Each structure stands twice: as C-alpha cells, then as structure tokens.
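The values are calculated or read from the model by the stated rules, or taken from the named source; none is laboratory data. None of these values were measured; they are calculated from a predicted model. Don't worry about glycine lacking a Cβ; one is built from the backbone with ideal geometry, like all the others, and counts go over all protein chains shown.
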Amino acid sequence: MAKIFIVDDSRIIRKVLTAALTGAGHEIIGEASNGEEALTALESITPDLVTLDITMPVMDGLETLANIRIKYPDLKVIMISAAGQKNKVMQALKLGALDFIRKPVEKDEMLDVINKHVV
C-alpha cells in the first residue's frame, strides 16, 4: 500500500486520517501541522502521496502546493477542504492537486479518493 504524509493543522483530523488510512493498509510516514513544516519534512521523506489541508497557519495549503510543484513536480497531492472553499479547491486543482476530500471527512469517501490515486 501507499506511504502517505498528512499535513493538517488539526490534530484531530490527523488522528482520524491516520486511523482510517492505517486501518486500510497504508503507512503514515509523517505528519505536519502547516506548510512550512511539511516542506521541511519532505526534504527527508519520500511519500507516495500527500494529503494537504487548504486552511492552515504559517503557510496555507495553496502556497505549500505551489512549492511542492516546484521542488517535487511528480508528487501526488490530495487537498482536504472544508465546505465553502470551492474557489480554493479550484485553485488547488489548477496548481496540480489530483483530487480533494471534504471536511468533515467521511472515511469511505476519503479511502475511495486516496485509493483511486495510489492503488
């Protein structure tokens, strides 16, 4: 299964994603609570896929995605967004995100989206 890196400022969301993804056989190889931490971590890990929250402190998901595209152009990124962020989701897709997952996260929907891109 896939090696996944989770980037979200909510510790609860990170725990929910970790539990669901590991339960489905994926490996969580790291977590970050903002884009700056994510970019630093990506210097030393090689995930198959990154889940990236859009709204975060320090560096948001869109800026993080733009930086990922420059340094790691082939890295698969799936955005996580709350309801009402349609414009930001569209921006993320234009920047190269493969897909998006809506908050609140529904386990089955999230696994469908992730598995579509890694299996």
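So here's what we get for this one:
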quantity	calculated
Criterion (out of contact with any Gly (no Cβ under 8 Å at 6 or more places or on another chain), of a type outside the set (Val, Ile, Thr) and farther than 27 Å from residue 112 by Cβ) met by exactly one of 43, 63	43
Those residues of the stretch 59-89 which are farther than 17 Å from residue 6 by Cβ and part of a loop (DSSP other than H, G, I, E, B), in sequence order	73, 74, 83, 84, 85
Residue list for the stretch 44-58, filter: within 22 Å of residue 98 (Cβ to Cβ) and assigned to a loop (DSSP other than H, G, I, E, B)	45, 46, 47, 48, 54, 55, 56
Residue check for residue 45: of a type in the set (A, V, I, L, M), on the phi < 0 side of the Ramachandran plot and in contact with an Asp or Glu (Cβ under 7 Å, 6 or more places away or on another chain)	no
Condition met for residue 25 (over 18 Å from residue 3 (Cβ atoms) and without any contact (Cβ under 8 Å) to a residue 60 or more places away in the chain)	no
Residue that is within 29 Å of residue 25 (Cβ to Cβ), out of contact with any helix residue (DSSP H, G or I) (no Cβ under 7 Å at 6 or more places or on another chain) and of a type in the set (Gly, Ala, Ser), where the choices are 82, 92	82
Search result, residues across the stretch 1-22 that are under 24 Å from residue 67 (Cβ atoms) and either of a type in the set (Lys, Arg) or in contact (Cβ under 8 Å) with a residue 60 or more places away in the chain (or both)	2, 3, 4, 8, 11, 13, 14, 17, 21
Count of the stretch 1-19 residues which are touching a Lys or Arg at 6+ places or on another chain (Cβ under 9 Å), outside any strand (DSSP E or B) and within 23 Å of residue 93 (Cβ to Cβ)	4
Extreme residue, surrounded by the most Cβ atoms within 10 Å (Cβ to Cβ), among residues of the stretch 63-119 that are without any contact (Cβ under 8 Å) to a residue 60 or more places away in the chain and of a type in the set (S, T, N, Q)	64
Selected residue (criterion: surrounded by the fewest Cβ atoms within 10 Å (Cβ to Cβ)) from residues of the stretch 35-62 that are in contact (Cβ under 8 Å) with a residue 60 or more places away in the chain and not polar (S, T, N, Q)	48
Subset of the stretch 25-43 [outside any helix (DSSP H, G or I) and aliphatic (A, V, I, L, M)]	28, 29, 32, 42
Selected residue (criterion: modelled with the lowest pLDDT) from residues of the stretch 63-104 that are polar (S, T, N, Q) and within 21 Å of residue 37 (Cα to Cα)	81
